[in-house]
Every structure is written in structure tokens, then in C-alpha cells.
Amino acid sequence: MSVTGIIFSNLHDTNISELTSKRTMASVPFGCRYRLVDFALSNLVNSGVSDVNVITHYNYQSLMDHIGSGKDWDLARRSGGLKILPPYITAFSNENNRLYSSRLEALMSIQGVIASLTCDTVVLCDCDSICNINLNDMIDYHEEAGADITIGVKRMTLTPETSRYYNVIKSSDSGDVTDIASHQKDFSGRRDVCINIWIVKRRFLQTFILDALSHGFTSFTRDIIGRGIGKFNYKIYRYDGFYASINSMTEYYNINMSLLDPKNREALFKVKGRPVYTKIRNSPPTKYIGDSKVSNSLIADGCIIEGTVENSILFRGVRVDKHAVVKNSILFQDTQILQNAFVNCVIADKNVVVRNDVMLSGHSTMPLYIAKSKMI
Amino acid sequence: MYHKKECVAMLLAGGQGSRLYTLTEKTAKPAVPFGGKYRIIDFTLSNCINSGIDTVGVLTQYQPLVLNEYIGNGQPWDLDRIFGGVMVLPPYQKNKGADWYKGTANAIYQNLPFVDRYDPDYVLVLSGDHIYKMDYSKMLDFHKKSEADCTIAVLNVPLEEASRFGIMNTDENARIYEFEEKPKNPKSTKASMGIYIFSYAKLKKYLIEDEQTEGSSNDFGKNIIPNMLAAGERMYAYPFEGYWKDVGTISSLWEANMDLLGDKPKFNLYDKDFRIFSRNSAQPAQFIGAGSVTENSIITEGCEIMGTVKNSVLFSGVTVEKGALVNNSVIMSGVVIKSGAVVDNVIIDENTVVGKKAKVGDGSTPGVNVTIIGSELVIPDGKKIGGDLKVNSATLEELI
């Protein structure tokens, strides 16, 4: 059974526009040393999928830099391996030159690639779904059920505030999809929400892309799933491991912070046989100098810490100087907090420098974002 | 047709390293873990790539499994090349019988066909058991400028220690006129670092001659260098300044690890212009728990620290539970220190478990009487293991 993976690198970017103004959703840093795409890539690779396409949109330099040839995910292969599919734009002005704005349009923009697929099954993954899922199980289920599309779902407790971020899937006892509802505002309680991972029969994918092109469909959820319920064999597959999706800056902050809980780390990173891979940076180990005080924090390699760090997430190569204090913050790669500076509830993008004696504070419900390479 | 390489490096990695006891029971010395995420050989391999040398033969003999696996295709060091790259060279069978590598010179002699493939002008001979950062291209420039046949890198050592080394006596132009192996009354303090650049034609000639000499120990220090000197070849000493350490003994290995600590460490791993590359494990970031203490230490990805870590080097995936204390120690990958255990002045090899409230090591004088605990052992709860012990599975049974 052969499987091809397709990863969407640029959907939902507006959710965290600060972080995606200069990068794709796929290359948003997460969890101390990862980029969001690492989870989708690792899930595929750990399930034996070695033919992976990444659809890009705009601003994909950071993504190219991160993924490179794919060798850090074992995807630099003679046959198959990693392919980055840049936006399909021709030199002449015509209607193909429009950039896609939805999942279905993204798929239509790579119609040529999809038409030439010969695998049995295609896995579609979003980048902002942070999980560690055994896709083999899901694919086996899909095959056995003879499904056209199998939708990954997770049972979650929704509130009226959060429900609008999710697609809620209703299904029968036998797992047949009976309804899909997007972005409802008055929904609460335990529901199956779509985790934006789909297994699709290759032939079915090819057919519905052509169908969508000829009918001018634009939405995968509405036009393909919604219209097909009852007509085609759509199944759900329940995933019960760690799952988080990033809907807002505050949510981004909270999900990062949730990794300070060992249960979440266990569920996301320490699943046997399913490590999460990322680009290798060859940082030395982290050094704690003198009587640095660190508590309840996740710290990547290559940091040098002389000050105080509490309840924080430090990416690779961060420096916290003497008498500097970092609390409840997320500091991206190579941030420097100089002597006597104080930061609280801050998200500092790459290469930020907070100079001596500066005090900065956000609030846990509204973290303060500092743009890349800013010196304060 | 092969292209030509100006300089090929030959890295001697066959040493057993018996003075590292249980650490080298199952692995060759160059594959012994060092500095949190490295193995000793990473330093020489990184030096090569940082010096623009992309063709490296690694001569292995003793327990090569871990080393072979670790080097693999050389990708972590950017040594996976279409032409050149890193190549592991074990002893092999020939049509007239098979030989182990009888000595350092013989190891290279047996691999002359490998070197010939690249038609080099120079051969750099290295040893895989030293910790240092060095730009070999500068040494090669020196070699060319001196029109030398052989250049030996030397380090200025304190006079009182000079008698432990091979000492080069040189004239004012750095030309070597005398070589003394471990002299009782050293005339100079220029100690050989075991790093040689030879002009290949000369090296080949002396290796072939040496091979034909009955009773030779086929060793660079004992045979090749003295023979070349005696024949009046142009031999120069290249002065090296900086950190260099032979980590051949437990105490020197412990010390070299400790040299990484502190604000101004003796050996700096954080130099972005001269990075040390290594094969990485895919582990999440380290977690430093509430109520834990991390003082003057280096800690690597995947560690979970709930207890106290002071003046220590922790490799990836080490767990230190609540109430446990690690002091002046080197803890390798995957070790678990259970709650209430005390580890002081100890080197613990991979994946060993130290039971609850166990007490390992004698911390009265850091660096003296360092205890080593082998890999994959389980030290029972409450067990006391004193200083200066070498514990492997056999000795642990006796202790219990």
C-alpha cells in the first residue's frame, strides 16, 4: 500500500498574523526547538510515508531554510522524499495567477502533481495541528472501511468562545459522517472536532479536484465534505492523544506553556517509536553559569543562562545575562536578555535583544509580542 | 578518473583506551561520549571540515561497531561527498594473508592504496582521542612555507610535565633537530600533539622502508619520526596555542568535561565561527522543574531535572528526580538518578539507573578518586558505592 503526504503550509495564517507576517504557518516556531511543520512531517515519516509534498503560498523562504533537502526528517530520498510545491504562477497574466485562499484552491493549484500521483492513498495535513498521531492505524482503518475520505477527529469540550475555531463533525455509531458544521458561535459541550488530518483515496482526490474545477467549488469542507455526505463513504477516525491547534496569539502562548506540564510533554514528544524531528542546528548543550536560578522551564540547547528563568520556554541559543529575570515568557532563537532586564509574559521573536535594565511585561491573557530582531 | 585532493587526513581511531576501563569495554576510545552531546572523535572530524579538509580515512580496529554506526556516511560533519568524504578503514584480508594494524605507521601503510586514490600532495595524520579546536589549514600553510617534509604540531607544556610527552628540540627556525620520547631531563617544553603533516612522497617512502625493517614496532613516534630525523629530512615544529587535552585516563576525561563549565571556560564550545558538529538525537528540550537547582553545569536536550545539579555535565535524556543531588559528575545519555540519590565525583555511562537514596562516589576531593559506573546497570535503592571504584556488571554483582 503506497501513501503520499500533502502538507498545507499556509492555511489559517491570519490567526497569528504577528508570527506569520514574515513566515509561513509551517515555519512558526513552537515548543522550544520546533517549527510547526515538524509535527506534520514527523507524523508522516514515523508512519512510513516517505513521499511528502509541501504546498506553499507566500513567504516561504523561512520554510525552505528550515526544511532544506528534508534530510533531518530522513526525507532526502532518491525516489519520493520531500518536494516543496511553490505557488503556481505563470509569466502571463491570466486567471491562474491568483494565489489560493482555501484548502481546496491550494489542492487545485497543484492539480498537475495530483493528476500524476500513482499511490493508493493520500494523507492531507495542516501545519497548525499539533499532535503525535499514528497515521498507520488511521490508514488501516480507512482501507478496511473502504472509505473515500477518513477525517481525523478528537473529542473535545467546546465553549461558545472556542467553538467558532473548529469544524464539528457529527457521525453515526458506525463512524459514518452525518454532518459537518463550521465555525459555530453557540456550540458547547463534548464534540468531535476535525483535527485537519484527512486520509483520501487517491482516485477520489483526483476526481473531486476535477469536479471542483468544473463546478467552481472553493471550500473543501463545504463543497467536498458537506455536499458529499450521504453520497460518498466518509468516515471518522478518533485520535485521543495530544492535540492543539493555534487560533490566536493567546492560544499560541497557552499551548506553548501547556508543555510545562509533564503529561503533555509525554503525550506529544515521548511516544515510543514516534519522535518529533526537527532541523539540526548543532548547538552545544545549554550552560548554566554561577548560581543561575531556573525553575519550571523548558530550555533548548545552546542557551547560556546566568540569570533567573521561571515558567518560560527558551528556544535554542538564548542568552539570559546576570541578574536578568525572565518570567512566563517565550523567547525564540538567539534572543538576548541583558543584565538586570526584566521580562514577563513576553513572546520575543528571533534575535530580539532586551538591553540592560529594561522592564517589559504583558499579561497571560495578552502576551506582549516583540518582532524579529528588535532591540529594546 | 579520480580528481586530486591536495590533502587527505588519516585519523587513527583504533586505540582501545584501556585506561578508561568500563567506558571502552564495548566501544573504541574515539567513540566515548564527551561534553554533553559529543563523542571524542567529533572534535577531530569537526576540525577537518572547519579546515577545509573533506577527505578523511578513519582507521578503526578495536570494537568498531559504535564508532562505525556513529560515523555512518559522515553527514553530520558534512563529510558525505560524491568524491572524498569520510571513509571507515578497518584492517582487511589480502591475497597473502591478513594482518591487524600492528602500529600507527602500519595502519597507514596498509591503507596506502586508499591514499593513492586521491593522489594527494600532503597527508595529515591525526589521532582520534584528543579534545581541541585547530585549523589544520594554517598548519598546512606553515608546512608549505617551511618546505618541510614533515611538520609536527607542538604545544608548550609546563617544564615539570614535559617528561610525560614526546618532546621536540628545535632551532630558532622551528626546525626539529632532536626528538625525545618522554625525556627524564627535557631540553624543551614543545610537546608533540600527535598531529603530523607529511609530504606524501616522503611519507610513503618511509612507510615502505619501515615495513621492510625487521623488529620495527611500526609506530610514528618510535620509528617513522626518528628515522626521518636521522636521515636529515626537513622536519618542523608547528606551534599550537589553545586548549588541547588527551582524554586517555578517567581523571583527564573528567577534567576535560569540567573544563567546559563556567563563565570563561578553558574550552569554549560556543564559538559560532568554529562549531563542533555531532550526530544528534531527536529529543525534546530539557525541562528544569520547580524547586530544582542547576548551578554551574551544562545540560543537554531531553533531560528532566527535578533535583539538584551542580558543577556537572549532563548528556541527553538524563532524569534527575526530586531530592537527588548530582555534583562534580559526568552523566551520560539516558541515565536516571532516582529520588534522594547522591552522585558525587562520578562518571556514569549510558542508561544506568541509580536507585533511590543510593550514594555513589566520594566527593571529598573533586577530580581525585573518580568512580566510574558502566552502562546499562541498575544500582539498587539505598546502595552505597565509594570513591575510586570501577563498576561494571561483574563488579556490581560482587558489590551487591
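The values are calculated or read from the model by the stated rules, or taken from the named source; none is laboratory data. Values in this document were obtained by computation on a predicted structure and should not be read as measured data. Here the Cβ positions follow ideal geometry from the backbone for every residue, glycine too, while neighbour counts run over all protein chains shown. Heavy atoms of the whole protein, side chains included, go into the accessibility calculation; ligands, DNA and RNA do not. Shrake-Rupley method; radii C 1.70, N 1.55, O 1.52, S 1.80 Å.
Just to be sure before I move on: is A:I225 assigned to a helix (DSSP H, G or I), open to solvent by less than 20 Å² (accessible area, probe 1.4 Å), touching a strand residue (DSSP E or B) at 6+ places or on another chain (Cβ under 9 Å) and farther than 30 Å from A:E18 by Cα in the structure I sent?
Spelling it out, A:I225 is indeed assigned to a helix (DSSP H, G or I), open to solvent by less than 20 Å² (accessible area, probe 1.4 Å), touching a strand residue (DSSP E or B) at 6+ places or on another chain (Cβ under 9 Å) and farther than 30 Å from A:E18 by Cα.
Can you find, within region A:259-289, the residue that is farthest from the other protein chains (Cβ to nearest Cβ) among those that are surrounded by fewer than 16 Cβ atoms within 10 Å (Cβ to Cβ) and outside any loop (DSSP other than H, G, I, E, B)?
The residue in question is A:K263.
What number goes with the only condition from (1) within 16 Å of A:A300 (Cβ to Cβ); (2) at the interface with another protein chain (Cβ under 8 Å from one of its Cβ atoms); (3) buried (at least 19 other Cβ atoms within 10 Å of the Cβ) that B:I276 does not pass?
(1)
Quick check: is even one residue across region B:36-46 away from chain A (no Cβ under 14 Å), in a loop (DSSP other than H, G, I, E, B) and within 12 Å of the chain's Cα centre (by Cα)?
No, there is no match, as no residue in region B:36-46 is away from chain A (no Cβ under 14 Å), in a loop (DSSP other than H, G, I, E, B) and within 12 Å of the chain's Cα centre (by Cα).
Here is a check on your reading of the model: is A:S373 within 12 Å of another protein chain (Cβ to nearest Cβ), small (G, A, S) and either farther than 30 Å from B:F34 by Cβ or in a loop (DSSP other than H, G, I, E, B) (or both)?
In short, no.
Restricting to region B:255-273, name every residue that is assigned to a loop (DSSP other than H, G, I, E, B) and within 12 Å of chain A (Cβ to nearest Cβ).
B:L260, B:L261, B:G262, B:D263, B:K264, B:P265, B:F267, B:N268, B:L269, B:Y270, B:D271, B:K272
When only residues in region A:123-162 that are outside any loop (DSSP other than H, G, I, E, B) and hydroxyl-bearing (S, T, Y) count, which is surrounded by the fewest Cβ atoms within 10 Å (Cβ to Cβ)?
A:T157
Say we look at region B:318-348 and pick out the residues that are closer than 16 Å to B:R39 by Cα and either among the basic types (K, R) or open to solvent by 10 Å² or more (accessible area, probe 1.4 Å) (or both); which of these is nearest to the chain's Cα centre (by Cα)?
The qualifying residue nearest to the chain's Cα centre (by Cα) is B:S333.
Mind checking which pairs have a first residue in region B:284-304 that is within 7 Å of another protein chain (Cβ to nearest Cβ) and a second that is open to solvent by 10 Å² or more (accessible area, probe 1.4 Å) and acidic (D, E), Cβ under 6 Å, 6 or more apart or different chains?
B:F287/B:E304; B:E295/A:D291
When you go through (1) open to solvent by 40 Å² or more (accessible area, probe 1.4 Å); (2) farther than 18 Å from A:F232 by Cβ one by one for A:S174, which number turns out not to apply?
(2)
Go through region A:1-42 and report how many residues are open to solvent by 10 Å² or more (accessible area, probe 1.4 Å) and modelled with pLDDT of 90 or more.
Within region A:1-42, residues that are open to solvent by 10 Å² or more (accessible area, probe 1.4 Å) and modelled with pLDDT of 90 or more number 4.
Identify all residues within region A:308-349 that are without any contact (Cβ under 8 Å) to a residue 60 or more places away in the chain, aliphatic (A, V, I, L, M) and outside any loop (DSSP other than H, G, I, E, B); write none if there are none.
A:V309, A:V320, A:V325, A:V326, A:L331, A:I337, A:V343, A:V346, A:A348
Which of the residues belonging to region B:42-94 are buried (at least 18 other Cβ atoms within 10 Å of the Cβ) and of a type in the set (D, E, K, R)?
B:D42, B:D54
Evaluate the following for A:Y253: is it more than 9 Å from chain B (Cβ to nearest Cβ) and either modelled with pLDDT of 95 or more or in contact with a Pro (Cβ under 9 Å, 6 or more places away or on another chain) (or both)?
yes
Out of (1) buried (at least 19 other Cβ atoms within 10 Å of the Cβ); (2) more than 10 Å from every other protein chain (Cβ to nearest Cβ); (3) under 27 Å from A:N282 (Cβ atoms), the odd one out for A:R319 is which?
Here A:R319 clears every test but (2).
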